[in-house]
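**Student:** Quick one: the structure is below, and I'll ask about it shortly.
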Amino acid sequence: MSFVNFDKKEINFKIVYYGAPLCGKTTNLAHLHNAMPESAKGELTMLSTQQDRTLYFDFLPLRSTAIKGFVSRFQLYTVPGQPIYNKTRRIVLTGADGVVFVADSQWSQMPSNAESLKDLRNNLASHNRSLNEIPYVFQLNKRDLDDIAPVPYLEFLLNHEGLKAQCFESVAVNGDGVTTTLNMICKMVMADFIMSHEMEVSVEKETSHA
Amino acid sequence: MTSIVTEEQGKLVRQIVSDLLVQAEATATLLSDIGGNIIAECPGRDENETLAALAAGSFSATRELAVMSGETSFNSIFHEGEDTSLFAQNVAEHFILLVIFQKTTTLGLVKLYTRKVAAELESTLREISTQCVSSVKSGTTFEMSGVEKVF
């Protein structure tokens, strides 16, 4: 959950990159780490196995001045995609302010994408939350490969329930669409934070007038 | 709900965390919540943000281990290195007090002062974990700076 420190004039947000094994979550963070200016980024930390597969999470802290008078800190996490690490995914998802679901566009990966999205819904439910109440976007990755599903098919498969989320095409290995996805989820998370605060204030006013 | 720290609370915990550094003869002290959000740090360093995230991850994994071992939670963790060691204590359920120290001081001393400080912080941290912006900073408004791109 977002965290406001008036003493340090900082607001922290947590964004989780979720998706099937090898869909490109870590590649997103690696590209962002390379692309961001020094003043906007911290160290990229990867907790990986010897085979370079994510074991616990990857972590990249970013900062901006997008909210007036405060430093906005965005803590980007990935989850490990492999099925055996479900408990770890649930832990990393705790307190997420926004989610980027990275889908692998290859036809062969459609079952894994669908399974991972179901897993995301289940893990959010274990925290008494649902996708309908937190900002999220889809990133359709690996659009440069040959054997890929068309965008409308991916949208039909993944993005047909409830409110439709925004979809971004990407080729994370060369950075296409990576920053665009990040900018959108950051804006959505901040808008959600500001709106929740305004609602809180109006409820408080109503209660004090009653 | 958004968690918040007011200026007064921030000042108070900063002083306590800074005192702990001296008392325990430590290299660094850090207070964060279990989500890895830093509340106070001494000294301020770039790597603290990552340190807090890793400590939070470590505590979450430790909690799962505790549950699987039939415990509700393990309240502290200790990592011993050749020269540098790390002691982390859970405080008021939702917070972690992290102490990094060299072999020039002892684990006993670090534990003694960390637990004393944890007790001192308890009531303030319980306030922090239950308050929201509208109740303690009612006049505050948040506004985006109007930039097209965040990054």
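Just so you know, all these numbers are worked out from the coordinates, no wet-lab data involved. Computed from a predicted model, the values in this text were never measured in an experiment. Cβ coordinates were reconstructed from backbone atoms using ideal geometry, including for glycine residues, and neighbour counts include every protein chain displayed.
**Student:** With labels modelled as points extended 7 Å from the Cα through the Cβ direction, what inter-label distance (nm, one decimal) is found for A:Glu38 paired with A:Lys68?
**Tutor:** The answer from the label model is 3.2 nm.
**Student:** Shifting gears a bit: Output the peptides A:147-159, B:63-75, A:108-120 sorted from most to least packed, where packing is the average of other Cβ atoms within 10 Å over each peptide's residues.
**Tutor:** Averaged packing, sorted descending, gives the order A:108-120, A:147-159, B:63-75.
**Student:** Follow-up question, since we're still on this one. For chain A, what is the charge dipole size about the Cα centre, in debye to the nearest 20, if Lys and Arg each add +1 at the Cβ and Asp and Glu each add -1 at the Cβ?
**Tutor:** Numbers: 20 positive and 23 negative charges, 84 e Å.
Computed about the Cα centre, the dipole is about 400 debye.
**Student:** May I ask for the angle, rounded to the nearest 10°, between helix A:110-126 and the longest principal axis of chain A, with both axes built from Cα atoms and the value confined to 0 to 90°?
**Tutor:** Value to nearest ten degrees: 30.
**Student:** Between helix A:25-35 and chain A, what is the angle of the helix's C-alpha long axis to the longest principal axis, kept within 0 to 90° and rounded to the nearest 10?
**Tutor:** Value to nearest ten degrees: 70.
**Student:** Putting +1 on Lys and Arg Cβ atoms and -1 on Asp and Glu Cβ atoms, find which of A:His160, A:Ser105, A:Met188 reaches farthest to the positive end of the dipole of region A:81-191.
**Tutor:** So the residue furthest toward the plus end is A:Met188.
**Student:** Here is a follow-up. Can you give the convex hull volume of the alpha carbon atoms of region A:101-210 per residue, in Å³? Please list the in-between numbers first.
**Tutor:** Details: hull volume 11.6 nm³, N = 110.
Value for region A:101-210: 105 Å³ per residue.
**Student:** Counting pairs of alpha carbon atoms under 8 Å apart in space and at least six apart in sequence, what relative contact order in percent does region B:7-132 give?
**Tutor:** 26
**Student:** Which percent, to the nearest 5, of DSSP beta bridges fully inside the protein assembly as shown are antiparallel?
**Tutor:** Antiparallel bridges make up about 60 percent of those DSSP assigns within the protein assembly as shown.
**Student:** So, in nm, how far is label B:Lys116 from label B:Ser73 when the simple model puts each one 7 Å beyond its Cα toward the Cβ?
**Tutor:** Those two pseudo-labels are separated by 2.4 nm.
**Student:** P(r) tail for region A:29-180, what percent of Cα pairs lie past 21 Å?
**Tutor:** Distances greater than 21 Å cover 50 percent of the Cα pairs.
**Student:** Still on this model: Based on the mean of other beta carbon atoms within 10 Å per residue, what is the order of B:101-108, B:55-62, most packed first?
**Tutor:** Descending mean neighbour count gives B:55-62, B:101-108.
**Student:** Let me ask something additional. With no solvent and one equal point scatterer per Cα, compute the Debye intensity ratio I(q)/I(0) for region B:7-132 at 0.11, 0.14, 0.17 Å⁻¹ and report its log10, rounded to two decimals.
**Tutor:** For the requested q values the scattering log ratios are -0.34, -0.56, -0.83.
**Student:** Modelling each spin label as a point 7 Å along the Cα-to-Cβ direction, I'd like the A:Asn132/B:Thr130 distance in nm, to one decimal.
**Tutor:** 3.1
**Student:** Given charges of +1 on the Cβ of Lys and Arg and -1 on the Cβ of Asp and Glu, with all other atoms neutral, how large is the dipole of the protein assembly as shown about its Cα centre, in debye to the nearest 20?
**Tutor:** Roughly 220 debye for the protein assembly as shown.
**Student:** By how many degrees, 0 to 90 and rounded to 10, does the Cα axis of helix B:107-130 deviate from the longest principal axis of chain B?
**Tutor:** In chain B, helix B:107-130 runs at an angle near 20 degrees to the longest axis.
**Student:** Calculate for chain B the 222 nm mean residue ellipticity that helices alone would give, adding -39,500 (n - 2.57) per DSSP H run of length 4 or more and normalising by residue count, nearest 500 deg cm²/dmol. Please report the intermediate quantities before stating the final value.
**Tutor:** Numbers: 4 runs with 66 residues, N = 151.
Here the helix-only value at 222 nm equals -14500 deg cm²/dmol.
**Student:** Over the whole of B:137-146, what's the average partner chain Cβ count within 10 Å per residue? Rounded to a whole number, please.
**Tutor:** The shielding value for this peptide is 6.
**Student:** Right, here's the next one. Grab the beta carbon distance between B:Glu47 and A:Glu206, set R0 = 51 Å, and tell me the FRET efficiency rounded to 0.05. Display every interim value, and only then the final one.
**Tutor:** Numbers: r = 45 Å, r/R0 = 0.88.
So, using R0 = 51 Å, E works out to roughly 0.70.
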